[in-house]
Amino acid sequence: MEIKLGYYPNLKVCFTGFVSSVKIATPIEIEIEDEMFLLKQSTFTKSYKKVDLKTLLNDMIAGKIQFDSVDADLGAFRITNVTPLQVLDELKKTYFLDCFVQN
């Protein structure tokens with residue numbers, strides 16, 4: 001989905017994302033999310049004796065969205081039936097690694 005603003009024919013794309021829900025009410029409410037929406041759609045389970053951040057991200061989100069990351073050794077890491085977004089949240093809490101979507 002794209003949201004464009006401006007006056008025809010000079011419309012500019014200000015947001016690209018996904019419709020996550022529609023609430024039928026007056027007025028109608030449409031919730032939209034950025035690329036992170038894709039990281040909520042599946043769960044992941046894996047155990048590593050030793051893993052680096054790039055390997056972990058590749059295993060979880062390769063093919064869903066493009067990413068770039070710092071070189072970071074995470075040591076032993078276990079993931080049990082959680083979404084990639086939940087793993088990113090845990091990386092932020094435990095290792096102080098921030099994640100964001102650009103463009």
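The values are calculated or read from the model by the stated rules, or taken from the named source; none is laboratory data. Just so it is clear, the model here is predicted, and its values are computed rather than measured. When we count neighbours, we look across all protein chains shown, and the Cβ atoms used for this are built from the backbone with ideal geometry, even at glycine. Calculation scope for accessible area: heavy atoms of the full protein, side chains included, ligands and nucleic acids excluded. Shrake-Rupley method; radii C 1.70, N 1.55, O 1.52, S 1.80 Å.
Miscellaneous remarks
- The single condition among (1) among the hydroxyl-bearing types (Ser, Thr, Tyr); (2) open to solvent by 80 Å² or more (accessible area, probe 1.4 Å); (3) without any contact (Cβ under 8 Å) to a residue 12 or more places away in the chain that Ser21 does not satisfy is (2).
- Among residues of the stretch 78-103 that are more than 17 Å from Thr45 (Cβ to Cβ), those with a Cβ under 8 angstrom from a residue that is in a loop (DSSP other than H, G, I, E, B) and open to solvent by less than 100 Å² (accessible area, probe 1.4 Å), sequence gap 6+ or separate chain, pair up as Lys92/Cys99; Tyr95/Ala72; Leu97/Val70; Leu97/Ala72; Val101/Asp34; Val101/Ile65.
- Taken together, the residues in the stretch 82-101 that are of a type in the set (Phe, Trp, Tyr) and open to solvent by 100 Å² or more (accessible area, probe 1.4 Å) amount to 2.
- Selected residue (criterion: modelled with the lowest pLDDT) from residues of the stretch 1-18 that are more than 24 Å from Val101 (Cα to Cα) and open to solvent by 100 Å² or more (accessible area, probe 1.4 Å): Tyr8
- Scanning the stretch 24-55 for residues that are open to solvent by 50 Å² or more (accessible area, probe 1.4 Å) and either touching a Pro at 6+ places or on another chain (Cβ under 7 Å) or assigned to a strand (DSSP E or B) (or both) gives Glu29, Ile30, Glu31, Ile32, Thr45, Lys46, Ser47, Lys49, Lys50, Asp52.
- Checked against (1) under 17 Å from the mean Cα position of the chain (by Cα); (2) acidic (Asp, Glu); (3) surrounded by 12 or more Cβ atoms within 10 Å (Cβ to Cβ), Asp68 passes all but condition (3).
- Considering (1) outside any strand (DSSP E or B); (2) more than 15 Å from Val82 (Cα to Cα); (3) not hydrophobic (A, V, I, L, M, F, W, C), the lone condition that Ser21 does not fulfil carries the number (1).
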